[in-house]
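Scroll down for the structure; my scribbles are underneath it.
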Amino acid sequence: MTAAQVVTLLAVLLGAPALPGIATRTKSFLTGRRGPPVLQLYSDLAKLARKGTVYSRTATLLFRVAPVALTASVLTAALLLPLDGRASLFGFTGDLVAFAGLLALGRFALVLAGLDTGSSFEGMGASREVTIAAFAEPALLLALTVLVLATRSLSLGGMLGTPLAAAWPAAAPSLVLAGASLFMLLLAENARVPIDDPATHLELTMIHEVIVLDHSGPDLGLILYAGAVKFALFGALVVSVLVPRGRFDPWVAGAILLAGLALIAVLVGIIEAAMARLRMDRLPQFLVAAAALAGFGVILLLR
Amino acid sequence: MTDFSDLLLLLVVLTDFWVLGTTRLSSTIRAAAIQGALLAALPIALHPGFSIHLIGLGLGTLLVKAIVLPGFLQRAIREASVRREVEPVIGFTASVCLGAVAVALSFAVAQRLPLPEAQTALLVPVALATVIVGLIVLTTRSKALTQVVGYLILENGIYVFGLSQAERVPFLVDVGVLLDVFVGVFIMGIVVFHINREFDSLSSARLTELKD
C-alpha cells in the first residue's frame, strides 16, 4: 500500500459525485441551457443526509438493508481496481470475477428492495434493470477476457497495471475494441442515454429511477452516491484500458485517471445531447453489439 | 504498413457488424459506402511502393464502391420512399450474434486453409467473414434494396480475398470485376424500381405472389 494508491482512491471516492454533474452540465451547455451547478450532487447528498426516512408499511428489513449493501459492494469493488496504474489495494488472483460479482450484488440488493415495496411499478423497474444486467454482464466478462488474454494475468491489478503497458503494442486492436465495449457498458450500467434517460421522471420511460422511487432521506443519498462511484469505476476501467499508465509515476498516473474521468463525463454529456433514448426492445441489441465488439477482440487474440 | 492495413481490415469487420445491426436503409448504404472506401485504401496499404496497377485499382474501387453505387442506392430509396427494413427473417440482435459466430468461424477456418503466404494474417479471415456476412444479409432481409447491399458486401469480401493475390492478378481482370458489379447493381436498381412500381412495396416476399 503506497501513499499514491490511498490518495488516488480517496480522490476518486470524493470526486465521484462531480462526474454526473459534469455530464449534465455538458448536456445543458450543448442544448443551449445553463443547467445545475457541477457540484449539485454534493448539495443533494448533504440535504438528503439531514432528512428523515419514510418506510412503507409493507417494506421489510430488506428494504432498509439494500442501500447499505449497494454502497458497501460498490466501495469494495473500488478497492479491487488499480487506480494508480500499478497495483490494486486488495488484489488477488481471479479478482476480476469478484469485481463483476460485487457490482452484480449491489444491483441484486437494489432490485430486491424494489420488489420488497410491493409496488407493481417498482417491480416493473426491477424487471427492466435485470433485463439489462442479463445482457450487460456477458459483455463485461468478455471485455475482461480480452484483458486476461492480452496480459496473461488473472487479477485486475495485473491486467490494468504494468503488464498492460507491455501488452499494448501487440494487442492494440483488441484492447481498443475492449475499451469501446466497456464504454458502451458504462452507458448501460449507469442508466445514461441511449439506454436510460437520467433526466426523465416520466413513469414509462425510466428504468433505473423507478426502483429507487420509494427510498428517501439518507437511504436515497447512499444510492445516489453509490451510483456516482459506480460511474467512476466504469470510467476508471475505460481509462485504464485505453491509457496504459504503468510506465508513469504513480502520482502522474493518478492525475491522468482523474483527468480521464472528467473527459469521459464530458463525452457522456455530449452523447446525451446528441442522441435520443433507444426504444426498450432495441436495448438488447445495443448490449449485444457491445458483447460482439469484445468477442471480436477475444477472437483476434486467440488467433 | 501492416499495422495500418490491419486497422483497415478491422474497420471492415466493424462495418460488417454495422450493416447487420442497423434498421435504417440509408444507414446500411452508408456502411457499405464506408466499407468501399476502406477497401479502396487497402491495396495501397498492403503493397508499399507505387505502381500504376495498385493506384488504379484503389481509385477505381473508390469511385465505384464508395461513390457511384451508394449514391445510386440512396437515389433508389428516395424514389421508392422506403426508410426501414421491417420484418427481417432473422431479427437484428440475432443477426449480430450470427455475424459474431461467422467472424469466429472464419478466423478458425482461415488458419487451416492451404494458401500461399498472405501479406497480413488478417486478410483471409476478414475476407471470409465479409463474404458470410454478405450472405446473411442477402438471405435474411426482406427488402430488395437491403439484398442489393448484401450482394455488395459479399462482393467486397471476394475483393478482399483477391487482394491477397493482387500482385499476380492482371489489372484488366480487376477492372472487369468492378465493371461486373457495377452493371449488376445497376440492373438490380432498375429491377427494384420496377418491383416498387408494380407492387407499391419492395418486399421480395411478395414476389411469390407473381402470377400471370
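When only residues in segment B:19-66 that are within 14 Å of chain A (Cβ to nearest Cβ) and under 12 Å from the mean Cα position of the chain (by Cα) count, which is surrounded by the fewest Cβ atoms within 10 Å (Cβ to Cβ)? First the steps, then the outcome.
Kept after step one, since they are within 14 Å of chain A (Cβ to nearest Cβ), are these residues of segment B:19-66: B:19-24, B:27, B:31.
Applying the additional criterion that residues be under 12 Å from the mean Cα position of the chain (by Cα) yields B:19-20, B:31.
Numbers: B:Val19: 29, B:Leu20: 29, B:Ala31: 22.
It comes out as B:Ala31.
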Matching residues in segment A:251-302 (surrounded by 21 or more Cβ atoms within 10 Å (Cβ to Cβ), more than 14 Å from chain B (Cβ to nearest Cβ) and of a type outside the set (Gly, Ala, Ser)) number 5
Taking the condition of being over 14 Å from A:Arg303 (Cβ atoms) and more than 7 Å from chain A (Cβ to nearest Cβ), how many residues in segment B:100-115 meet it? 4
Taking segment A:150-202 only, how many residues are surrounded by fewer than 21 Cβ atoms within 10 Å (Cβ to Cβ), within 14 Å of chain B (Cβ to nearest Cβ) and within 23 Å of the chain's Cα centre (by Cα)? 3
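What about A:Gly85, is it modelled with pLDDT under 90, part of a helix (DSSP H, G or I) and in contact with a Gly (Cβ under 8 Å, 6 or more places away or on another chain)?
Details: modelled with pLDDT under 90: yes; part of a helix (DSSP H, G or I): no; in contact with a Gly (Cβ under 8 Å, 6 or more places away or on another chain): yes.
No, not satisfied.
Can you confirm whether B:Ser142 is of a type in the set (S, T, N, Q) and modelled with pLDDT of 90 or more?
No: the conditions fail for B:Ser142.
The values are calculated or read from the model by the stated rules, or taken from the named source; none is laboratory data. Model, not experiment: these values are computed from the prediction. Ideal geometry is used to build each Cβ from the backbone, glycine not excepted, and the neighbour counts take in all protein chains shown.
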